[in-house]
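For reference, the structure is listed below as structure tokens.
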Amino acid sequence: PGRSLILGIETSCDETAAAVVENGWLVRGARVATQHELHRPYGGVVPELASRAHVDVLTPTLAGAIEASGVDAADLTAIAVGNRPGLVGSLVVGVAAAKAMSWSLGVPLLGVDHVLAHLVAARLREPAKVSGTFVAAAEAPDTPDLPQLGLVVSGGHTSLYAVPDAGSPRVLGSTLDDAVGEAFDKAAKILGLGHPGGPAIERLAAGVTREAADARVRLPRSLLGRGSLDFSFSGLKTALLYAVRGQPEKGPDGKTRFPRSEADLPEAERAALAAAFQFAAVDVIVKKLGRALEALAAEGTPPGAVVLGGGVSANRHLRERVTAWAEARGLPCRLPAPAHCVDNGAMIAAAGHDLLLAGDLADLRLPAVSTGPR
Ligand code: KG4
Ligand code: ZN
């Protein structure tokens, strides 16, 4: 097969993103319009506002990505769009635009699973550019060492995967309640920090040692049953709430009251609590990676590498811990660049490249679907 130039479109949540990717890994041009400011006053993503904002900015985002790539739209090989899972009113915006482009350019349409796209983001590479013009192509990523142990940690998902050399990834375990990114966002709210919470907690926690965090509070690490590969983060969130606001009491009117508010927290204490939360969440993730590695080895399919993706994989503490964990086991660790951890169009194009090679094409009836695998 010759060179592929795929346009990837992402509108599943609060990022409007597009990118042109060559051969499934080289990011020729990309644009991301984030809606963080729009949703900040509400402390979370408001679906109706999200879909309207996608409508407003998608066309200039697409045009910007194509222009930045230096590729003529007529030379595109295919159009890939994240069509599941996500907010359905947001997904339909990208899906409709992708259909229009596929139809008008006469090129294949590819329907991409957003969560599985996070698993291929680690192979994306940015070429060197000076004032928008290519000066050097990036080096091709290492050939994938399949099978892999995959982990997606995002605002909607916390899932471990067995990534085989052929066929679709298989879910080994996932969260029973909050996704880890959602837990970061809720923890940030409890601590009186802004939305999105992950980066805010990371910033505040930086520089707090494990000893200092432990000295303030020891938060629970919920590992579920022996050998379980599932996750649960709701207990951690509640424990943080009580650490911040004290034990709730029922007032004379029957309403629950907390003795303190997050506004009463001294700044050093807020940082110690943010770090205590981050240590607890990352401890659980690293522990579960270990269990998944053992499970795959016991099945006779030891992975050749570990691959991460999703917004939380941008977290520096998580990256350091997982890198050290993998190194100690002689396992290559594939981490996406931070810009490719959070939602982006390039990962959609990369996953679309694989669908194109497999001949797995969509057509103009492609639906937007709110749910994903499991
Ligand atoms: O992958 P993503 O952009 O969207 C989903 O598919 O959900 O992930 C967004 C999530 C948010 O919950 C955000 O707080 C979290 O990723 N996140 C982080 C960091 N950057 C983003 N969590 C922890 N540390 C970060 N540096
Ligand atoms: Zn995502």
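Pairs of alpha-carbon atoms within less than 8 angstrom and 6+ residues apart define the contacts here; what relative contact order does the range 101-207 have, in percent?
Details: 122 pairs, mean separation 15.1, N = 107.
Taking the mean separation of contacting Cα pairs over the length of the range 101-207, I get 14 percent.
For the chain, what does the helix formula give at 222 nm: sum of -39500 (n - 2.57) over DSSP H segments with n ≥ 4, over the residue count, nearest 500 deg cm²/dmol?
Details: 12 runs with 154 residues, N = 374.
It comes out at -13000 deg cm²/dmol, rounded to the nearest 500.
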> Between Ser4 and residues 5 or more places away or on another chain, which pairs have amide H atoms under 5 Å apart, with H built 1.01 Å from N, and which residues are they?
Replying inline: Asn23
>> Give me, ordered by chain and number, the residues 5 or more places off Asn344 or on other chains with an amide H under 5 Å from its own placed amide H.
In response: none
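What does DSSP give for the chain in terms of the percent of beta bridges that are antiparallel, rounded to the nearest 5?
Details: 30 of 48 bridges.
Here the share of antiparallel DSSP bridges comes out near 60 percent.
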> Count the lysine pairs in the chain that are 8 or more places apart or on different chains: how many have C-alpha atoms under 29 angstrom apart?
Replying inline: 14
>> Restricting to Cα atoms and excluding each atom paired with itself, what does the Kirkwood estimate give for the chain in Å?
In response: 21.5 Å
>> Apply the Karplus curve 6.51 cos²θ - 1.76 cosθ + 1.60, θ = phi - 60°, to the phi angles in the range 174-184 and return the couplings in whole Hz, x for Gly and Pro.
In response: 8, 6, 8, 9, 6, 6, 5, x, 4, 5, 4
> So how tilted is helix 47-69 from the main axis of the chain? Cα-based, degrees 0 to 90, rounded to 10.
Replying inline: 50 degrees
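Taking the radius of gyration and the Kirkwood hydrodynamic radius from Cα positions alone, what is the Rg/Rh ratio for the range 148-331, to two decimal places? All intermediate terms of the calculation are to be shown ahead of the outcome.
Details: Rg = 17.7 Å, Rh = 17.3 Å.
Using Cα coordinates only, the ratio equals 1.02.
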>> Residue by residue through the range 233-243, what is 3J(HN,Hα) from phi via Karplus (6.51 cos²θ - 1.76 cosθ + 1.60, θ = phi - 60°)? Round to whole Hz and write x for glycine and proline.
In response: 10, 6, x, 4, 4, 5, 5, 5, 4, 5, 5
> Near the amide H of Leu172, under 5 Å away, which other amide H atoms are found, from residues 5 or more places off or on another chain, if H is placed in the peptide plane?
Replying inline: Leu160, Tyr161, Ala162
> Once phi is turned into θ = phi - 60°, what whole-Hz ³J(HN,Hα) does the Karplus curve with 6.51, -1.76 and 1.60 give for every residue of the range 320-326, x standing for Gly and Pro?
Replying inline: 5, 5, 5, 4, 5, 4, 5
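If I take every Cα pair under 8 Å that is 6 or more residues apart in the chain, average their sequence separation and divide by the length, what percent do I get for the relative contact order?
Numbers: 821 pairs, mean separation 92.3, N = 374.
Across the chain, relative contact order equals 25 percent.
Any read-out appearing in this document is the output of simple, stated calculations on the displayed coordinates, not a laboratory observation. Fair warning: this is a prediction, and the values are worked out from it, not measured in the lab.
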